[in-house]
1. Which pairs have Cβ atoms under 8 Å, sit 6 or more apart or on different chains, and link a residue in segment A:170-193 that is without any contact (Cβ under 8 Å) to a residue 24 or more places away in the chain and facing chain B (nearest Cβ under 9 Å) to one that is of a type in the set (F, W, Y) and in a helix (DSSP H, G or I)?
2. Those residues that are within 14 Å of chain A (Cβ to nearest Cβ), closer than 30 Å to B:Q36 by Cα and of a type in the set (D, E, K, R), I need them from segment B:93-136; list them, please.
3. Sort out which residues of segment B:28-71 are touching a residue at least 24 places away in the same chain (Cβ under 8 Å), more than 8 Å from DNA strand C (Cβ to nearest atom), closer than 17 Å to B:H103 by Cβ and assigned to a helix (DSSP H, G or I), and write them in order of number.
4. Could we say that B:T81 is part of a loop (DSSP other than H, G, I, E, B) and of a type in the set (V, I, T) here?
5. Looking only at segment A:14-27, how many residues end up being within 12 Å of DNA strand C (Cβ to nearest atom) and either exposed (fewer than 13 other Cβ atoms within 10 Å of the Cβ) or modelled with pLDDT under 95 (or both)?
6. Looking at B:S59 and the list (1) away from chain A (no Cβ under 14 Å); (2) away from DNA strand D (no atom under 16 Å from the Cβ); (3) more than 23 Å from B:Q32 (Cα to Cα), which single condition is not satisfied?
7. Given the conditions (1) near DNA strand D (Cβ under 10 Å from one of its atoms); (2) under 23 Å from A:S95 (Cα atoms); (3) within 14 Å of chain B (Cβ to nearest Cβ), and given that A:A26 satisfies all but one, which numbered condition is not satisfied?
8. Go through (1) surrounded by 15 or more Cβ atoms within 10 Å (Cβ to Cβ); (2) assigned to a helix (DSSP H, G or I); (3) at pLDDT below 95 and name the single condition B:D139 misses.
Protein chains: 2
Amino acid sequence: MGMATQIEQDERTRAPLSREGILRTAVALADQGGVQAASMRKIAQELGVVPMALYKHVSGKDELLDGMIDVVVAEIDPPATGVDWKAAVRQRILSARQALLRHPWASRVMESRTEPTPTVLAYMDSMIGMFRAGGLSMDLTHHAMHAMGSRLMGFTQELFNDTSDVDPQVEAQMWGEMADVYPSIYELFVTVTHDDASVVGPGCDDQFEFEFALDLLLDGLEELKGQS
Amino acid sequence: MGMATQIEQDERTRAPLSREGILRTAVALADQGGVQAASMRKIAQELGVVPMALYKHVSGKDELLDGMIDVVVAEIDPPATGVDWKAAVRQRILSARQALLRHPWASRVMESRTEPTPTVLAYMDSMIGMFRAGGLSMDLTHHAMHAMGSRLMGFTQELFNDTSDVDPQVEAQMWGEMADVYPSIYELFVTVTHDDASVVGPGCDDQFEFEFALDLLLDGLEELKGQS
DNA sequence: ATGCTAGGTGTACGGCGTACACCTGTCAAG
DNA sequence: CTTGACAGGTGTACGCCGTACACCTAGCAT
């Protein structure tokens, strides 16, 4: 069996390349190895193909990243119907948050993009429509979009990455030192961990914090809506 | 005059390398050419030195980026004294915003970092202290920190980069097409540009939008403070 | 039969971060 | 005064990255 035959078999085995397949592979690689695992070369290798082959389906790295974002945005649920505007916006943003939690690299990539893709524009458009349907004035809707900011895309920066792989001994001493240098952080930490009944939990409930901030904004907007 | 002499002159001319000098140069390069202009190699060239020389003062690219962030954070004004807690927080966050507007690359870099530097921790600590001094409970302060999210660092994502270098003819046609595909965005655009009396202004006032969202959050927090 | 084209290949280039061996001037200890 | 450690700048080299460009080839419309 000659080399050529082997190659032919490989080629026959391999599903033909396609933009969608490339994007799916890229997203999968990024999901499991971070955004830097989604390099042109690694995607190509994963697909059993030479790097330059990708360029027949994607114009370059930028378009690839845009495509990856579109995949994530497509996972966001459509607007709920038959509910309060606030509830609808709330649900949708929480859905966006879930999508971005499934693809932790996506928020960073989104921010690095300069021009929004049609998919992102469609999402924005739909979001604006939800505010309008809820009776917010155009001006207030405009402010609302800005106020939501990155929350619109379902993410807020987590200030502290609580997952630490240091051993408790060292960590305890670290906190001891922090008490002197960063007294307020220490105080906050102590309160939060004390209130938290769960033994080993992550100190604070990200989901709760996200919803807290979201509701703070939505409630404020509703009050302003009533005033106008 | 031999080569050696020339080199000696260069060496004598050049200020000796230092961590601070490297960071200043890196920030300057990033300010004028984006974050990718602050590569090890370009920083070294700017300082008239070979790339590896930097490693005697900075352990690697990560520490360099951390250092660059510290430079920016150090530009944030200290807390104002003798004013309402809300006013003090407001002023400080607006100061942070100014710092990040001077260094547009900084927000993106901050988000890419995993561990906060001592400088950033000190800023956080001070911020927490401001909430506490304002009478917010520890719990509410905790929520406040999360609610502020990236705004704490003085930035919100600008959804649309309004600075376009296309000619008005093309842009007008583009908006015409958008009216069909993204009706809500179009409607919003029309309203905003119509209300804006200024002829060529950027469509919406980023500073106003930032303060709008900030005040929405601060007002909400104050109300919650009163309730508890 | 012919020649066009879509799609995969191979080679090569410039840029990046950085490991590692090397040199050299300075300065304290013997 | 010698010596030797060492701080700090140099040079080379490696493996990664994105991608320009020339090439091949199978399939298909003419």
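1. Qualifying pairs under 8 Å: A:M178/A:Y186; A:M178/A:F189; A:Y186/A:W175.
2. Listed by number, the residues that qualify are B:R97, B:R108, B:E111, B:R113, B:E115.
3. B:A30, B:D31, B:V35, B:L65, B:D66, B:G67, B:M68, B:I69, B:D70, B:V71
4. On the way: part of a loop (DSSP other than H, G, I, E, B): yes; of a type in the set (V, I, T): yes.
Spelling it out, B:T81 is indeed part of a loop (DSSP other than H, G, I, E, B) and of a type in the set (V, I, T).
5. Of the residues in segment A:14-27, the ones within 12 Å of DNA strand C (Cβ to nearest atom) are A:14-19, A:21-22.
Now drop any that are not either exposed (fewer than 13 other Cβ atoms within 10 Å of the Cβ) or modelled with pLDDT under 95 (or both), which leaves A:14-18.
Result for segment A:14-27: 5.
6. (2)
7. Every condition holds for A:A26 apart from (3).
8. Going through the list (1) surrounded by 15 or more Cβ atoms within 10 Å (Cβ to Cβ); (2) assigned to a helix (DSSP H, G or I); (3) at pLDDT below 95, B:D139 breaks only (1).
The values are calculated or read from the model by the stated rules, or taken from the named source; none is laboratory data. From a predicted model like this one, the values you see are computed outputs, not experimental measurements. Backbone-built Cβ (ideal geometry, glycine too); neighbour counts: all protein chains shown.
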